[in-house]
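Data first, discussion second: the structure below is written as structure tokens.
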Amino acid sequence: MIVAVLAILSASVGPANAAASRTVSLDGTGVTLLEPTPAQRTEALIRLEQARLQDPTGFSQRVKLIQSSKPLKKYLSADRRFDARQQQEFLAASMPTDALESLVSLTDSGYLTLQLTDGPKNTKVAKLVKAKPVMVGGGKGSTAMMPMYPQCPSAWAALWAWWGTNMAFCGAMGFFGPMAMIGCSAAMTIAGGFIDFNRGC
């Protein structure tokens, strides 16, 4: 199954991603965020404007959705080398609304956590952390136990499809910074079986 998913990921990476891959560095502990070249920055801004023009209403709705999420706003502004508002717009441009709604739901509930820490040589390392299952009981005398966090939000499938085909290997749309890590980190989670979208459903 993982091999098949990785094959889909590999097939989905286009030429534009070759430039984007230099703005992050993937390793076993997270994604090191690197600053883009002037050419990469120009390409990303062109892609951002194209996305905005293709769906202005949806784009505006997604920006508002991101701004309503404290965890996402905090994460996207955590690396001061990158403009926080621009990072929000990159995310709004790259994700369909249903996938973004799922990401907001999972981060706001604490089921997924986006973290940014200091790395070697003045770098920043970002990673996506899945909460350990916390079981809650059914009351006195009851042996019923159930997960505290939702295991099957309605948009999991949409989020999985987006991660698996559009954002594989560090931002196939050519964006950079904290936002691009979300796609990179997803590639890591697939490779390591970090998030099983079917177990517990």
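The values are calculated or read from the model by the stated rules, or taken from the named source; none is laboratory data. None of the values given here were measured: they were computed from a predicted structure. Cβ atoms come from the backbone with ideal geometry, glycine included; neighbour counts cover every protein chain shown. All accessible areas refer to the heavy atoms of the entire protein, side chains included, with ligands and DNA or RNA removed. Shrake-Rupley method; radii C 1.70, N 1.55, O 1.52, S 1.80 Å.
Accessible surface computed residue by residue for the range 76-128, with neighbouring protein chains in place and a 1.4 Å probe, gives 44 Å² per residue.
One decimal place: the segment E49-S68 gains 4.6 nm when fully extended, by the rule 0.36 nm per residue minus the C-alpha distance. Using the beta-carbon distance between Q115 and Q61 and R0 = 30 Å, what value does 1/(1 + (r/R0)^6) give for FRET efficiency, to the nearest 0.05? It comes to 0.65.
For F175, the shell of other residues with beta-carbons less than 11 Å away shows a net charge of 0, using +1 for Lys and Arg and -1 for Asp and Glu. Placing a label point 7 Å from the Cα of A161 along the Cα-to-Cβ direction, the residues of the range 87-101 whose backbone N falls under 15 Å from that point are 95-101. These residues, D83, D55, D118, go from largest to smallest accessible area, 1.4 Å probe, as D118, D83, D55. Rounded, prolate or oblate: pick one for the range 64-116, where a ≥ b ≥ c are the square roots of the eigenvalues of its C-alpha gyration tensor, a/c under 1.5 means rounded, and failing that, prolate if a/b is larger than b/c, else oblate. Oblate is the answer for the range 64-116, as a/c is 1.5 or above yet b/c matches or exceeds a/b. Ligands, DNA and RNA excluded, the heavy atoms of E49 present near 80 Å² of accessible surface to a 1.4 Å solvent probe. Checking the cross-link pairs K70/K130; K74/K124; K73/K121; K74/K121; K73/K130; K64/K124 against a 20 Å limit on the alpha carbon distance flags K73/K121; K74/K121; K64/K124 as lying beyond it.
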